[in-house]
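Inspection log for the structure reproduced underneath, given as structure tokens.
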Amino acid sequence: MKFSIHTLGCKVNQYESEVVAEELEKRGHKKASQGEACDICFINTCAVTEESVRKSLQIIRRAKRLNPNAIIVSAGCASQSKDHRIRFEEVCDIVIGNKNKPEIPKLIEKYIAERKKISSFTEIAEEKEFEPMTAITGERTRATLKVQDGCNNFCSYCIIPYVRGRIRSKAFDLAVNEIKNLVEKSCYKEIVLTGIHLDNYGKDLGNVTLMDLLEAAEKVEGLERIRLSSLEPTFITKENVERMKKLTKICHHFHLSLQSGCDETLARMNRKYTTTDYENCVNLLRNAFEDTTITTDIIVGFPGETEEEFAKTMAFAKKIGFAKIHIFPFSERQGTAAAKMEGKLSAEIKNKRVHILNEIASETRKEFLKKTVGKTVSVLFETEKHGKLHGYTPNYIEVIAEGPKDLCNKIANIYVTGADEDYVFGKLI
């Protein structure tokens, strides 16, 4: 049978989709090419915003329309959410939660045999074990490895602790061995370590930390780059930065979640730092690594956010000079503390603020990219499009250059001759 997979949301979801794809292929199913009719449609959903839930349902309905006889499988955060589950059960043949993704191939076989709808959920809040998931895909130059799941923070706006559960970590030896396998069996040059709350890796294990895992990955022969997904600012301490300075393979791109540039708003969000704390973290990194890239997430229109508070966020974004900002209008999630807060803002105000902050983000990105012009950078090339190679520097700047096609999955030096709004271009040295 042919299957398709559509993944919404974070890198954790992307990793889990790769695991499901591998398990389906092991059982003799084949991945459909783009636009090809398929027998199994798996949609890995997201619930971080109401728009994510809407898109998830939209994709499911489109899959049913294009493949009327296909088995429709829904998993992920939107499916896990009790507030949305029934909507997915109405339109899907199989609906499962986040903990149950490894069961998908068996559940598909059960559905084929019985032709009865299946709903399979584990109460995620009580889950303490990291699920046994391993992916060796060999499809991309950069491999993502999930080593952590769950979150204990309970930010007032966030539904993730309710649909992903509490923090859980992959066993240290298993994580290191998976890195080795990704490098040795699939020839990956770069590994991206990811998790719902990555910097909490090891806290449930009791004897290891994320820094210990980074230092072990540094020793893996053949691995050239170690990249980190989103981090909390609280991870950037003097001790951790000093340890990172000794690593030669770690990429100096740090996605530090901000959410607001206003201390009053941060307090209502139940974030664990102030803007001063955040700025100190950025300075630690920039003083340690000359090529530091700082990217972030910001929510605008949080309940009670005044014009003055939004102005503070704008000023802080300019002050830090982010390389990229992912901007989201506040999305109310039922069951969270923010859903009960007063001072809700209209969609019109939120959208206006998104537009204003987007303009600031565009300017700070342009300024950041301009600083690369005239420098020689190391680029891991990933793809060739229209006769030009596309790749990324260690600090995650996209580079476009002319060169032989066989440079894909190889690292080369590029002299940067110019910058556009989102990437730089240059000449092969």
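None of the figures in this text is laboratory data; all of them are computed from the coordinates on show. No experiment lies behind these values; they were computed from the predicted model shown. Here Cβ is always computed from backbone atoms with ideal geometry, including for glycine, and neighbour counts include all displayed protein chains.
Quick one: which residues, 5+ away or cross-chain, put their amide H under 5 Å from the amide H of T144? H built at 1.01 Å from N.
V192
Which loop-located GluC sites (Glu not before Pro) does segment 274-355 contain, where loop means any DSSP state but H, G, I, E or B and the Cβ has at most 12 other Cβ atoms within 10 Å? Can you show the working numbers first?
Numbers: sites: E279, E290, E305, E307, E308, E309, E332, E342, E348; in loops: E290, E305, E332, E342.
Hits after loop and neighbour filter: E290, E342.
Can you work out ³J(HN,Hα) from phi for every residue in segment 247-259, in order, using Karplus 6.51 cos²θ - 1.76 cosθ + 1.60 and θ = phi - 60°, giving whole Hz and x for Gly and Pro?
Karplus values, whole Hz, x for Gly and Pro: 8, 8, 9, 6, 7, 8, 10, 10, 8, 9, 5, 9, 6.
Using the Karplus curve 6.51 cos²θ - 1.76 cosθ + 1.60 with θ = phi - 60°, what ³J(HN,Hα) values do you get for each residue of segment 270-283, in whole Hz, with x for Gly and Pro?
Calculated HN-Hα couplings, in order: 6, 7, 9, 7, 10, 5, 5, 4, 4, 4, 5, 5, 4, 5 Hz.
If neighbour count is taken as other Cβ atoms inside 10 Å, put L285, L428 in order from fewest to most.
L428, L285
Would you kindly calculate the translational diffusion coefficient of segment 35-132, applying Stokes-Einstein with the Kirkwood radius from alpha carbon pairs, for 20 °C and a viscosity of 1.002 mPa s, and quote it in µm² s⁻¹ without decimals?
After rounding, the answer is 157 µm²/s.
Looking at A70, A339, T376, which one has the Cα that reaches farthest to the positive end of the dipole of the chain (charges on Cβ: Lys, Arg +1; Asp, Glu -1)?
Ranked along the dipole, the leading option is A70.
Under 15 Å from the Cβ of E218, count the other residues' Cβ atoms, weight Lys and Arg +1, Asp and Glu -1, and hand me the total.
Around E218, the charge tally is +3.
Pairs of Cα atoms under 8 Å, at least six residues apart: use those to get the relative contact order of the chain, whole percent.
10
In segment 297-332, which residues have a backbone nitrogen under 17 Å from the label point lying 7 Å from S346's Cα in the Cα-to-Cβ direction?
Answer for this model: 301-307, 330.
Show that you can apply the helix-only estimate: for the chain, add -39,500 (n - 2.57) for every DSSP H stretch of four or more residues, divide by all residues, and state [θ] at 222 nm to the nearest 500. Before the final figure, lay out the partial values.
Working: 13 runs with 151 residues, N = 429.
Rounded to the nearest 500, the figure is -11000 deg cm²/dmol.
Hey, in the chain, which Cys have no second cysteine's beta-carbon closer than 4.7 Å?
C10, C38, C41, C46, C77, C92, C151, C187, C251, C262, C281, C408
Using the Cα centre as the reference, give the magnitude of the dipole from point charges on the C-beta atoms of the chain (Lys, Arg: +1; Asp, Glu: -1; all else neutral), rounded to the nearest 20 debye.
Dipole of the chain, to the nearest 20 debye: 720 debye.
Once you place label points 7 Å from the Cα toward the Cβ at Q58 and N283, how far apart are they in nm?
Going from the Q58 label point to the N283 one covers 4.4 nm.
List the residues whose amide H sits under 5 Å from the amide H of I71, counting only those 5 or more places along or on another chain, with H placed 1.01 Å from N in the peptide plane.
Residues meeting the criterion, in which the H sits 1.01 Å from N, are I40, C41.
What are the residues whose amide H is under 5 Å from the amide H of I250, where those residues sit 5 or more places off or on another chain and H is modelled from the backbone?
HN-HN under 5 Å from I250: I226.
Enumerate the calculated ³J(HN,Hα) couplings along segment 56-64 in order (Karplus 6.51 cos²θ - 1.76 cosθ + 1.60, θ = phi - 60°), each rounded to whole Hz, writing x wherever the residue is Gly or Pro.
Going residue by residue, I get 4, 5, 4, 5, 4, 5, 5, 4, 5 Hz, with x marking Gly and Pro.
Suppose we keep just the DSSP beta bridges with both residues in the chain; what percent of those would be antiparallel, to 5?
Counting only bridges with both partners in the chain, antiparallel ones make up about 35 percent.
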